Amino acid sequence: MNLLYANDKQGEYPQSWYAATVDPLAAFPKLRGEAKADVTVIGAGYTGLSTALHLAERGYDVALVEAHRVGFGASGRNGGQLGSGQRMEQTDLETLVGADDARKLWDLAEEAKDVTKDLIAKHNIACHLKPGVAHACFNAREVRHEHDYVAHLQDRYGYDQIEALDHDGIQAICPSPKYVGGSLDMGAGHLHPLAYALGLARAAAAAGVRIFENTHVHHIDHGPRPTVRTDKGRITSDHVVLACNGYLGMLDRKVAARVMPINNFIAATRPLSEEELQTVLRRDVAIADSKFVINYFRLSHDNRLLFGGGESYGYRFPSDIAALVRKPMSEIYPHLSDIEIDYAWGGTLGITMKRMPLFTRLAPNILSASGYSGHGVGTATHAGLLAAQAIAGQSEGFDTMARVPSPAFPGGGMMRTPLLVLAMTWFALRDRLGV
């Protein structure tokens, strides 16, 4: 099954609240015939757009190819949370890679937030960027862990933009009967993800990037000047960057063995009244909770609740996405169990075994970055900068990310999906049992 076309119409954005609230760009041409470039970038999500933009600003001739539209994939559908740190907690990274590299990974993650915010400011991207992400916990054990981690970030890393929240603290932000404590990170933020992606595309095009949409790459010929073959043409260049994430398919089997596509879902309620807003979120920050099958939500700029969650482990989207998301939303907010849902959509992201992104050199002149595991707004944007720097000969940041161990999923291409389903079902059961 080709996930590029399994759940979506060719060249069309999903019927999401995001797509309904942006001014779409005029379509870029489809690649036809032969072309040459200094660098070919495959995939026009955050990674690809950022790579192309940063290379073009350095004077490279860049061709960017996308199977659908710019920002079509997870970059235009996600929860819009710009989180701090890496996807793994720093304490776990210290064990995995050692204190020195863990510190470098923290610094890179802080740089990722800064790069994202700077791009938004530099290119006047109207994407409703706002500060604040709270992490909400369900029981006293989770709260103790969260508070210990907050103290660790403050003491070991000097991070002073995060605070621990007790029961009253979390309720002052998010009055759900389920949450008993957590933390608030005002150095993190949230934004309109598709508006951000389209803003990057405008900036890249203005910088001279040649963008080709509705251009499906089906093969890459390696060599001193690799050739990217598409359905109607091909591009020969000095370097290639794979920025495909969950939509990679089998374009490169080494990456596919380590990056698993999974689906996630979001629903947007009708606009809430001022009285209703006080029963949902009392501060305009985003929420991510402590479940393994995470709930994440925030308010839109037109006062809707954008709620992400639900379980689905097949590659095809369920027929009733709204009903799927309504279930966890009703657990967090029982009084919203019957509220009207105006939009509901799904998307495909890439995860890894360690939930850390996979940065890798597939050849001396072919780079890949993907597998952001739900932490991609800043990390994927930053990956583009790091890939551009590596191509220009400054590879320290890219190489630091590439040193993080990234084992292959067990079972290979045939068995990894049923094994993932089994594992996710177990963790979902643990969530429901509260263990």
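Couple of notes before you dig in:
- Electrostatic dipole magnitude of segment 1-138 [Cβ: Lys, Arg +1; Asp, Glu -1; Cα centre; debye, to 20]: 540
- C-alpha center-to-center spacing [segment 1-43, segment 259-299] in angstrom: 27
- Virtual paramagnetic centre 7 Å along Cα→Cβ of GLU340, amide N under 16 Å, in segment 17-38: 17
- Each of MET1, MET401, MET186 has some number of other Cβ atoms within 10 Å of its Cβ, and from fewest to most they run MET1, MET186, MET401.
- Crossing angle, helix 321-332 versus the chain [Cα axis fit, 0-90 degrees, rounded to tens]: 40
- Spatially proximal aspartates and glutamates relative to LYS178 (Cα-Cα < 14 Å; intrachain offsets below 8 disregarded): GLU142, ASP166, ASP168, ASP289, GLU331, ASP431
- Within a Gaussian network of the chain (alpha carbon springs, distance under 10 Å), most fluctuating of ARG283, ARG77, ARG258: ARG283
- Charging the Cβ of each Asp and Glu at -1 and of each Lys and Arg at +1, and nothing else, the dipole of the chain about its Cα centre rounds to 1400 debye.
- As a proxy for reagent exposure, ranking TRP345, TRP106 by other Cβ atoms within 10 Å from fewest up yields TRP106, TRP345.
- Calculated on the Cα set of the chain, radius of gyration then Dmax: 20.7, 63 Å.
- Adding -39500 (n - 2.57) for every DSSP H run of four residues or longer, then dividing by how many residues the chain holds, sets the calculated 222 nm ellipticity at -11000 deg cm²/dmol.
- For the chain, the longest principal axis of the C-alpha atoms and the axis of helix 412-433 are separated by about 20°.
- The charge dipole of segment 303-406, taken about the Cα centre with unit charges on the Cβ atoms of Lys, Arg (+1) and Asp, Glu (-1), comes to about 360 debye, rounded to the nearest 20.
- Degrees separating the helix 140-157 axis from the principal Cα axis of the chain, which is the longest one: 50
- Annotation: amide H of ALA134 within the under-5 Å range of ASP185, ALA286, ILE287, ALA288, sequence separation 5 or more or interchain, hydrogens built in the peptide plane.
Since every read-out is calculated from the coordinates, none of them should be taken as a lab result. Note that the structure is predicted; figures quoted are calculated from it, not measured. Here Cβ is always computed from backbone atoms with ideal geometry, including for glycine, and neighbour counts include all displayed protein chains.
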